[in-house]
Amino acid sequence: MAVCGDFAELTPDALLDAVETATGLRLAGFAHPHASYINRVYELQTSAGERIIAKFYRPGRWTREALLDEHAFTLELAAEEVPVVPPQPLLDGSTLGTAEGIHFAVFEKRSGREFEPTQAEDWRRLGRIMARMHGVGERGEAAARVIMHPAHSTATDLALLREGDFLSRSQRTGFLEMAEEVYERILPPFADAPLQRIHGDCHCQNILERPGEGLLLIDFDDMATGPAVQDLWMLLPERPPQARAEINLILEGYEMFREFDDRQLRLIEPLRAMRMLYFLAWCARQVGDPNFARKFPDWGSDSFWRQQTADLREQLDILREEG
């Protein structure tokens with residue numbers, strides 16, 4: 001197999017060879033790259049003219065088991081007629097191919113426009129599809145996936161930022177002191193929070209509107225085990241006090257299919273804080289990648305960390321007010 005574990009050597013010929021071998025399909029000499037920083041995603045064409053999508057996963061980011069957890073979830077969702085794009089089976093019966101150290105999967109091409117909720121019914125539609133997804137999610141486990149709980153994911157992110165040489169000297173002490181207080185404040189609300197399989201990165205860019213069909217959930221890369229409200233709060237146009245109407249409409253739609261414990265709403269600001277710290281830890285993990293330096297040229301500078309410290313201070317003030 002011609003594919004190598006280094007993305008720099010993932011040539012069109014190599015990826016076409018890998019997909020043909022895994023699927024048995026004959027492909028035309030066409031490989032159109034889609035914009036994606038994390039993975040390498042290509043639109044391919046079969047000799048019969050059908051367009052398919054091949055996703056080559058970034059080496060080292062996920063284990064094989066974690067990728068299979070994602071695939072299992074989307075396959076279960078599809079079986080329950082929740083609109084998603086599951087991976088296609090390969091010749092060996094799996095959904096995950098491997099070519100010289102790079103895992104990949106093949107998907108049907110599905111297109112649509114980014115969903116932009118504007119009317120009351122739009123928000124109810126979001127609630128309904130989230131509830132249907134969560135109804136499937138709670139019936140299984142994802143043992144190899146991130147656990148979205150401060151004592152698990154956030155503790156790991158904080159340890160990386162604390163132990164690495166990432167923060168600027170002038171901001172290090174103040175930022176870390178605030179981050180530790182954030183951590184202590186977000187732990188208690190999670191004490192009795194039920195966790196289940198969730199999308200994990202559910203914002204409107206990951207929801208498509210397909211004319212004549214409805215909504216389609218895409219990009220389960222960050223699928224996790226976490227509280228259901230994680231898949232709701234990033235859909236909101238503003239913070240909860242200013243988005244009460246949208247929250248009520250989402251939950252109105254949600255509870256047509258599944259009960260929602262309103263106590264989970266108190267997790268929204270802790271989850272926002274967790275996402276802020278996760279992003280910084282994620283950046284820290286990418287610093288050796290030349291593509292990262294081009295995409296985030298300001299990373300690690302004193303001005304960058306001044307802004308991050310100011311943002312964390314604002315979030316900490318909100319947590320103090322809620323606490």
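The values are calculated or read from the model by the stated rules, or taken from the named source; none is laboratory data. All values derive from a computational prediction rather than experimental measurement. Backbone-built Cβ (ideal geometry, glycine too); neighbour counts: all protein chains shown.
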Have a look at TYR57, TYR42 and point out the one that is under 23 Å from THR225 (Cα atoms) and of a type outside the set (Gly, Ala, Ser). TYR57
Take the range 186-232 and flag every residue that is part of a helix (DSSP H, G or I) and out of contact with any Lys or Arg (no Cβ under 7 Å at 6 or more places or on another chain). ILE186, PRO188, PHE190, CYS204, GLN205, ASN206, GLN230, ASP231, LEU232
Which ones in the range 23-80 are among the small types (Gly, Ala, Ser) and either at negative phi or assigned to a strand (DSSP E or B) (or both)? ALA28, GLY29, ALA31, ALA35, SER36, SER47, ALA48, ALA54, ALA66, ALA72, ALA78, ALA79
Search the range 245-266 for residues that are touching a residue at least 60 places away in the same chain (Cβ under 8 Å) and assigned by TED's automatic domain parsing to the domain that holds ALA131 and pair each with any residue that is aromatic (Phe, Trp, Tyr) and part of a loop (DSSP other than H, G, I, E, B) when their beta-carbon atoms are under 6 Å apart and the residues are at least 6 apart or on different chains. LEU251/PHE260; TYR254/PHE260
Unique match (being small (Gly, Ala, Ser), free of Cβ contacts under 8 Å to residues at least 60 places away in the same chain and closer than 30 Å to LYS109 by Cβ) among GLY200, GLY214, GLY226: GLY200
Within the range 64-80, does at least one residue satisfy the condition of being out of contact with any His (no Cβ under 6 Å at 6 or more places or on another chain) and free of Cβ contacts under 8 Å to residues at least 12 places away in the same chain? yes
Within the range 119-164, take every residue that is part of a helix (DSSP H, G or I) and among the polar types (S, T, N, Q) and give me the one that is nearest to the chain's Cα centre (by Cα). SER153
